[in-house]
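Nothing in this text is a laboratory measurement; each read-out follows from the coordinates by a stated rule. Keep in mind that this is a model prediction, so the values were computed, not measured. Here Cβ is always computed from backbone atoms with ideal geometry, including for glycine, and neighbour counts include all displayed protein chains.
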Amino acid sequence: MINKNFRNKFFPFITLIGVIYITLRSATWVRYDRRRQHVKTYSRDEIKAKGLDFVEPTTLEEEYEQIVKNHNLGAWEQKRIQRPWKEESDES
């Protein structure tokens, strides 16, 4: 026979863990897996065929080249906001 203490404490615990596992698994199935079945993703060709325009993706290098070309990166100033307290000068 199974030990009475083992039966009274272990089986309810295992049952609770099983119920929690099944509940979480079914909830995540509804939330994530089932949604994937209903959501359609379109390729770029399908988007163009439908007549929608989209901006071509740019790389980080292209963005950096545009910034270097359009802005003077050597002429910048570090601006400091005014503090709510009086500052002592560093000339002491």
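For this structure, a couple of remarks:
- Report note on the peptides 6-12, 47-53, 37-43: ranked by the mean count of other C-beta atoms within 10 Å, highest first, their order is 6-12, 47-53, 37-43.
- Tensor-based shape of the chain (alpha-carbon gyration tensor, a/c under 1.5 rounded, otherwise prolate or oblate): oblate
- Listed by chain and number, the lysines placed with their C-alpha closer than 21 angstrom to that of K48 are K40; residues fewer than eight positions away on the same chain are left out.
- 0 to 90° range, to nearest 10: angle between helix 4-28 axis and the chain longest Cα axis: 40
- Nearby lysines by direct alpha-carbon distance to K4 (threshold 28 angstrom, same-chain neighbours under 8 apart not counted): none
- Sites R44 and L24 - FRET efficiency at Förster radius 41 Å, r taken between beta-carbons, to 0.05: 0.65
- Inter-probe distance in nm under a simple model that places probes 7 Å from Cα toward Cβ, at W85 and V68: 4.3
- Computed about the Cα centre, the dipole magnitude for the chain is approximately 1520 debye when only Lys and Arg (+1) and Asp and Glu (-1) carry charge, each at its Cβ.
- Gained length - L52 relative to L16, 0.36 nm times residue gap less alpha-carbon distance: 7.8 nm
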